[in-house]
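The values are calculated or read from the model by the stated rules, or taken from the named source; none is laboratory data. This one's a predicted model, so the numbers in the text were calculated from it and none came from an experiment. A quick note on method: Cβ atoms are made from the backbone with ideal geometry, for glycine too, and the neighbour counts reach across all protein chains shown.
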Amino acid sequence: MRELHASGGGLHLIQGDITKLAVDAIVNAANSSLLGGGGVDGAIHAAGGPAILAECRRLGGCPTGEARVTTAGKLPARYVIHTVGPIWRGGYAGEADLLASAYRNSLAIAKELQVASVAFPSISTGVYGYPIEQAAPIALATTLEALQEPGSLRDITFVLFSASDLRVYEAALAEAAPRP
Ligand code: AR6
C-alpha cells in the first residue's frame with residue numbers, strides 16, 4: 001500500500017472490494033439513471049440492499065460529471081456518493097474535464113456532509129472504457145487538491161479492484177507527488 005500524508009490528511013491506495021470499507025462515504029461509479037448496473041455499481045447495490053435503490057429512484061437521475069448522495073443501506077459505510085463518469089469516446093469529447101468534475105463534485109458532497117474519510121473506485125475505467133493510465137493522474141490530482149483545502153476531509157482511499165490497476169495508480173501517484 002502506498003500512502004501519502006499531506007497537511008494532516010492522507011491519500012491511500014489499496015487493492016480490494018470497496019463495499020467492504022468502513023469509511024464515512026464510498027463513491028459509486030454509477031450511470032445517469034442511478035438505477036444500478038454492473039461493475040462496482042452492481043456490487044454496491046447487491047451488498048447494500050434495496051434501500052439504496054429506493055433512494056436513488058427518488059433522485060431522478062444524475063448528469064455525467066455530477067454526483068448525488070444516499071445512505072448506505074447494509075454497507076459498513078455511512079453514505080454512498082453516486083457519481084457518473086464519462087464514457088470514453090477517444091479523448092476528444094471532454095472526457096478529462098468530465099472525469100475531473102465527477103471527482104470534484106463527489107468531494108464537494110463529502111465536504112457538505114462534513115465527513116472525514118471517503119473511498120473511491122477507479123471511475124470510468126471499467127465498462128466506460130476510460131484508459132486507466134490516463135484516468136489515474138486525474139483521479140489523484142483532484143483528490144490531492146481536495147486534501148489540501150480546509151475542511152473535515154482527512155483520508156481518501158482509492159480501492160483498486162486488481163493488482164494491475166493498483167500498480168497503475170501507484171505509478172501515477174509517484175509522478176504526482178514524488179517522495180522527498
Ligand atoms: N470494488 C472496487 N472496485 C470495483 C469493484 C468493487 N467491488 N467492482 C468493480 N470495480 P465500472 P465505470 C472496479 O465498470 O467504468 C456500471 O454498469 C472495476 O474493475 O464499475 O465507471 C454502471 O451502472 C473498474 O476498475 O464503472 C455504469 O453503467 C472500476 O471499478 C457503468 O458501469 C470501474 O468500473 C460505469 O462504468
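Below, the figures for the structure above:
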{"read-out": "Residue within the stretch 160-169 that is out of contact with any Leu (no Cβ under 9 Å at 6 or more places or on another chain), buried (at least 21 other Cβ atoms within 10 Å of the Cβ) and not in a helix (DSSP H, G or I) present", "value": "no"}
{"read-out": "Condition met for residue 110 (of a type in the set (A, V, I, L, M), surrounded by fewer than 24 Cβ atoms within 10 Å (Cβ to Cβ) and over 22 Å from residue 37 (Cα atoms))", "value": "no"}
{"read-out": "Among residues of the stretch 27-44, those that are surrounded by 22 or more Cβ atoms within 10 Å (Cβ to Cβ) and either in contact with a Lys or Arg (Cβ under 8 Å, 6 or more places away or on another chain) or over 22 Å from residue 96 (Cα atoms) (or both), counted", "value": "2"}
{"read-out": "Filter result (away from the ligand (no atom under 16 Å from the Cβ) and surrounded by 22 or more Cβ atoms within 10 Å (Cβ to Cβ)) within the stretch 148-159", "value": "153"}
{"read-out": "Selection count, the stretch 32-71, where residues are under 13 Å from the mean Cα position of the chain (by Cα) and part of a loop (DSSP other than H, G, I, E, B)", "value": "2"}
{"read-out": "Considering residues of the stretch 39-63 that are over 13 Å from residue 84 (Cβ atoms) and not small (Gly, Ala, Ser) only, the residue nearest to the ligand (Cβ to nearest atom)", "value": "44"}
{"read-out": "Any hit, the stretch 157-165, residues being at pLDDT below 95, touching a helix residue (DSSP H, G or I) at 6+ places or on another chain (Cβ under 9 Å) and polar (S, T, N, Q)", "value": "no"}
{"read-out": "Sole exception among (1) of a type in the set (Val, Ile, Thr); (2) surrounded by 16 or more Cβ atoms within 10 Å (Cβ to Cβ); (3) away from the ligand (no atom under 13 Å from the Cβ) for residue 71, by number", "value": "(2)"}
{"read-out": "Exclusive hit being buried (at least 21 other Cβ atoms within 10 Å of the Cβ) and aliphatic (A, V, I, L, M), set 51, 77", "value": "77"}
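Here's the yes/no breakdown for (1) among the small types (Gly, Ala, Ser); (2) within 13 Å of the ligand (Cβ to nearest atom); (3) in contact (Cβ under 8 Å) with a residue 40 or more places away in the chain:
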{"position": "115", "(1), (2), (3)": "no, no, yes"}
{"position": "121", "(1), (2), (3)": "no, yes, yes"}
{"position": "125", "(1), (2), (3)": "no, yes, yes"}
{"position": "130", "(1), (2), (3)": "no, yes, yes"}
{"position": "133", "(1), (2), (3)": "no, yes, no"}
{"position": "142", "(1), (2), (3)": "no, no, yes"}
